[in-house]
Every structure is written in C-alpha cells, then in structure tokens.
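Notes follow once the structure below has been shown.
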Amino acid sequence: MAKFDYPYKKGVNITAWVLQFLVCVILLAASAWLLWLVNQEDYDSALSSYEGLFTAAAGIQIAITLLNIVFNIIEIVLIKRKSMPPALYLSFACIKTTIWGIIFILNLISLSVISIILTLVLLATSLMQLIYGAILVHRKRKGTLRGGNYAPAVNPQGNNLEGGYGAPPQQSGYYYPPPNANTEYKPTTEVTSSAPQYGYAPQDAHAGSYELDSRVHHS
C-alpha cells in the first residue's frame, strides 16, 4: 500500500472525530428509543397514522450516523498507518458535509431545537475537515505538500548533481555523489610512471646528430 505520510493536524481531526462520535451516539440512542416507542402498544392509537414515517426517519438516521462512524474509523486507521491520500480524505469530508448540511436545513424547517444543535455540531466539524482537506489537495497539486519522503543530504557549497554524475543542477543545496567514485587521496610523490606512454619510447641522440621526421640522422 502506498504511503502518504502527510502532516494531518491532530487538532483538526481529533476534535472532529470526538465531537462526531459523541453526537452520533446520541442520535443512535434517540433513533433506537423512537423505534422502541413506535412498537409499544400503549402508543399505537396516538402514532397509528405516523408509525411508518417515524420508523423510516429513525432507520435513515441510524444508517447516516453509522456511515459517519465508519468514515471516521477509516480515517483514523489510514492516518495512523500513514496511508490516507488527501483526495480520499477530502471525499469523506465532502460526503459528511453534504449529508449533515441537508439534515441541518430540514431541522431548521421543522424547528427542532435539539436536533438543530446536534446537526450543527456535525455540520461544523465536517466543514472544518472539508476546508482542511481542500488545503491539503491544493498543496499536493502545487507540489508544496511534503511528508514521508527521503530528504537528500545538504551540501554547504550548494552543488546538486541529481539525476546522475555530471547532470545539470536542479535544486540548490543538494549533492548526490557519483556511484563507485574513488575519493582516496594520493600524494603526487607516489605517482610515478616508468613505462613508455602511448607506445613511444624516447631515444638518446648522439653528439653531432639531428632529428628529422621522427628519425635520427648522423652528420
């Protein structure tokens, strides 16, 4: 699995996860209580015409809150394993913001104060993750998002031979030594050469001779 060791801020994510978990648990408990209430015989006469509506509403709310919890668990696991891509993080935030935004508007229409407060918390935390995820994706597209990558050694002289020995500089301050380069120092006094170079051996010229056309002639 690819590694995405990006700097996901704990202040943003932990705050969102804790508040969303708490509110989702409250909504699950309220939905379960409503289903229990609908099935009671004492309330059959009062809820007979709305029994199907209450059951459907409670079932939808349970499904949505469970989906939010599943998204949060996936986010926690992937970020902990450093495998959360910014695009997936942003997608989860978009889905949660859209869902809770619609439910918040419906609660405003129904004037349910408790539901408005609970869904406002979910909407605000989802929107916070949405904005942060959009920033991460924007930085990744621009190439300014860093995390989990190998940092090359810095050369004080500012030389960079990235891409191979002798390659043109790409980023100042980084140096990649050529492979198999022999950096051992040898004094000049040790460098001697007694063998003839390139197959030519000089010959001693006798007195009274001159050199012409690479041959020695005697006068």
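Can you tell me the length gained on complete extension of the stretch residue 29 to residue 135, counting 0.36 nm per residue apart and subtracting the Cα distance? If you can, show how the numbers build up before the last one.
Details: separation 106, 0.36 × 106 = 38.16 nm, distance 3.50 nm.
Stretched fully, the residue 29-residue 135 segment lengthens by 34.7 nm.
Straight-line reach from residue 9: which lysines have a Cα under 27 Å away, not including same-chain ones fewer than 8 places off?
Partners within reach: 80, 82, 96, 140, 142.
For 51, 75, what ranking results if the residue with the fewest other Cβ atoms within 10 Å of its Cβ goes first? Before the final figure, lay out each step's value.
Values: 51 14, 75 20.
Least to most surrounded, the residues fall as 51, 75.
Given R₀ = 30 Å, FRET efficiency for residue 22-residue 51 by Cβ-Cβ distance, to 0.05? Can you show the working numbers first?
Working: r = 30 Å, r/R0 = 0.99.
Between residue 22 and residue 51 the formula returns 0.50.
How large is ³J(HN,Hα) for each residue in region 11-22, as worked out from phi by the Karplus curve 6.51 cos²θ - 1.76 cosθ + 1.60 (θ = phi - 60°), to whole Hz, x for Gly and Pro?
With the stated coefficients, region 11-22 comes to x, 7, 6, 5, 4, 5, 5, 5, 5, 5, 4, 4 Hz.
Just so you know, all these numbers are worked out from the coordinates, no wet-lab data involved. Note that the structure is a prediction, hence the values are computed from the model and not measured. All Cβ positions, even for glycine, are placed from backbone atoms using ideal geometry, and neighbour counts span all protein chains on display.
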